[in-house]
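One structure is given below, encoded as structure tokens.
The values are calculated or read from the model by the stated rules, or taken from the named source; none is laboratory data. In this text the structure is predicted, and so the values were computed from the model without any measurement. A quick note on method: Cβ atoms are made from the backbone with ideal geometry, for glycine too, and the neighbour counts reach across all protein chains shown.
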Amino acid sequence: MYDLRQVCIDADVNECATNNGGCHPTATCTNNYGSFICACQPGYVGDGIDCTGNYKRFVALLLAIMKCCFSAPLRSLCNAVLCVLTATTSAAVN
């Protein structure tokens, strides 16, 4: 004879399996027994349901690159880094 109460209690629903658990598209959904947690991915801030880009870090990096570009000895290296950064940022946005 089976105890159906035990079967229902032990079953866990993976909330993350459907629609990322309702987490933001830039968040990671982690399934826990009986619940789940949303956490914004690196580079984003928020509660996991709402995530926005951490623009302060991006602006600081952009300013550092611009300062580098004004230095004649490093200009070619800076241009190469800027091209990589632009391609990476474009890929992440799309």
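Quick rundown of the values:
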| read-out | value |
| --- | --- |
| Condition met for Leu74 (surrounded by 13 or more Cβ atoms within 10 Å (Cβ to Cβ) and at pLDDT below 65) | yes |
| Lone unmet requirement of (1) surrounded by 12 or more Cβ atoms within 10 Å (Cβ to Cβ); (2) without any contact (Cβ under 8 Å) to a residue 24 or more places away in the chain; (3) over 12 Å from the mean Cα position of the chain (by Cα) for Gly22 | (2) |
| Which numbered condition Lys67 misses (of (1) in contact with a Cys (Cβ under 7 Å, 6 or more places away or on another chain); (2) basic (Lys, Arg); (3) modelled with pLDDT of 70 or more) | (1) |
